[in-house]
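Structure first, then comments.
The values are calculated or read from the model by the stated rules, or taken from the named source; none is laboratory data. Since the structure is predicted, the reported quantities are computational estimates derived from the model, not experimental observations. Methodologically, a virtual Cβ is constructed for each residue, glycine included, from the backbone with ideal geometry; neighbour enumeration extends over all protein chains shown.
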Amino acid sequence: MLHFLTLLICLAGGLDTVFGYSNGQISVACDSMLPSHSNGVPQSSVSPYNITVSNKTFSPGDVITVTIQSVSGAAFKGFLLQAQSVGGNWITGTFSTTDSNTQLLTCTQPNSAVSHTSNSQKTKITASWTAPQGAGPVVFIATVVQSFSVFWTGVQSDVVQALQISDTTCGSQKFCLTDPTNCSPTDSTCNFMSSAPTSNGFVFEMSGPTVGYVAIGFSDDAKMGNDDVFICTKNSSGYILVQRGYNTGTVAPTIRSNNTAGSIVSSYKNGVLQCSFISQTVISTQQRSSGNTNFFVFLVNGPSGADGTINQHTKTTISNGQVDISSYVKSGAQSGLDPVVRAHGSLMLIAWMTTGSIGMIMARYMKSAAGKPFLGKAIWFQGHFFLMILTVVLTIIAFIMVFVYAGDWSGGAHPVLGVIVMILSFFQPIFAFFRPDPKSERRFIFNWGHSINALVIKILAVAAIFLGLELVDRSSNLWMPKVMGGFFAWEVLFYIILEANMRLGMRANQEHKAPVEKVALNIFICGNLAFLIALLVGIGQS
């Protein structure tokens, strides 16, 4: 590890001269942060010198004036000044000089440090630092020598934050999680977070396209719940807030603190929200080891309320394994949805885009086209009964699978609608089993009740599918809900056609024509299968 600053100035015992390196050519001291005085020990008292900067933020290419000066009037003879990345302790950027008491040195690269030119007494020096591409937050650190045996090391400026989040140093100076893999936060479709350790916390960066907030979470497993979270959210007036909290399930997190992080820099431009900040504490709001730095990392975004309160996220990225956020590695997102979630979504699509839809149309419009008896019952009834029982079975299996996987059914409207659909679907065939005889004067009550319940189930199932597709669609244009919208319009069109055909037949006092029904049913089935296949492929790619 390269250290950020040292000074090597030696004073001859009892003499008022710098011993050895009075000319300031002290590149040999770049790594040690200590003067080479024999048995020299840095002072433990508060330094009488400080470092100030002309700006607290920077973009690549910006020039910042750095000043070392005495706060008590005590002069100094020598110094070594460098700029160091927060968390990584990497020497970064280059200096230029305008002060006759300063000169440039080569540490990791030319002009990466500044030192004295002589052992003359001075109370203030200045130098100019140019920010490089890809730099994160930095601090300016100096060792200042007052005399042979009196010197201070680790004299620091305030943290200077980068205005632009970059992926340039991912894998070399910070941990990064990106979705898509290896995307840049300068890309408006990129979800990005990074972390770098500090002496008592982390430097965090997060960026993503959103209308409300982006957040990062740290979990012991790949499921949400019992996670530490940091949230960057904006309210309706554009004010950006950094919050820390934790969640205990798939519900909104409990906020622990607001804007307690240091050196917060944020922006919201062209639909992309970015926040960088320094957390002064370790990650442990939950019952886990406070020294643990290995987590599954979540990166999510979604809408927020007028006051900045976050709503359910619409985009989720999870690291492709448990990672050490204090290491310098890159992590891509998990390769796809959990197989259980894939199976759940696929079964629900099959149930309510094919078997359920076709079964309902057969009961309403296929009585003339498929009215011949089969095993004592009309073909339309046999088809309707089989398809609807299959729909109920698929719905129950899909519900049980995801419920066992998630452990609860909280987390927004999607699981709530799913529970209602499952319950109504379960009782629909039971009620049908006890239906009155077709000639019963009360048969119309069953017919209306059975039809209305089926319509409610269908509407709720389609709504649940819309919400579910929004949760799993990771494309930039959210094409899967749009395909579902096309399917909904397709179904409405055929219901209108078949209903009009039936009504016309009734007006003419004759059965509506079976060929129209058969052709329409075949086209309907083919269209449904096309929409279904498209969405199944989308789930497979999510």
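Among S47, S36, which is surrounded by 14 or more Cβ atoms within 10 Å (Cβ to Cβ), part of a loop (DSSP other than H, G, I, E, B) and either charged (D, E, K, R) or at pLDDT 90 or above (or both)?
Details: S36 fails: either charged (D, E, K, R) or at pLDDT 90 or above (or both).
Unique residue meeting the criteria: S47.
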*When the range 145-157 is examined, which residues are found to be in a loop (DSSP other than H, G, I, E, B) and either at pLDDT below 90 or on the phi > 0 side of the Ramachandran plot (or both)?*
F148, S149
*asked:* Whether any residue in the range 252-265 is outside the structural domain of V416 (by TED's automatic domain parsing) and either touching a Cys at 6+ places or on another chain (Cβ under 8 Å) or at pLDDT 85 or above (or both) is what I want to check.
replied: yes
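Between G332, G308, G321, G356, which is more than 22 Å from the chain's Cα centre (by Cα) and either closer than 30 Å to S207 by Cα or not aromatic (F, W, Y) (or both)? Don't jump to the end; show me each part of the working.
Numbers: G332 fails: more than 22 Å from the chain's Cα centre (by Cα); G308 fails: more than 22 Å from the chain's Cα centre (by Cα); G321 fails: more than 22 Å from the chain's Cα centre (by Cα).
Of G332, G308, G321, G356, the one residue that is more than 22 Å from the chain's Cα centre (by Cα) and either closer than 30 Å to S207 by Cα or not aromatic (F, W, Y) (or both) is G356.
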*Kindly indicate whether G212 is more than 22 Å from F295 (Cβ to Cβ), surrounded by 14 or more Cβ atoms within 10 Å (Cβ to Cβ), touching a Pro at 6+ places or on another chain (Cβ under 7 Å) and touching a residue at least 24 places away in the same chain (Cβ under 8 Å).*
yes
*Out of (1) in a loop (DSSP other than H, G, I, E, B); (2) surrounded by 17 or more Cβ atoms within 10 Å (Cβ to Cβ), the odd one out for S100 is which?*
(2)
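With the condition kept exactly as written, say whether any residue in the range 77-90 is in contact (Cβ under 8 Å) with a residue 12 or more places away in the chain, part of a strand (DSSP E or B) and loosely packed, with under 14 Cβ neighbours inside 10 Å. It would help to see each step written out before you state the result.
Going through the range 77-90, the residues in contact (Cβ under 8 Å) with a residue 12 or more places away in the chain turn out to be 77-90.
Checking which are part of a strand (DSSP E or B) leaves us with 78-85.
In the following step, the residues that additionally are loosely packed, with under 14 Cβ neighbours inside 10 Å were identified as none.
Checked against the condition, which is being in contact (Cβ under 8 Å) with a residue 12 or more places away in the chain, part of a strand (DSSP E or B) and loosely packed, with under 14 Cβ neighbours inside 10 Å, the range 77-90 yields no hits at all.
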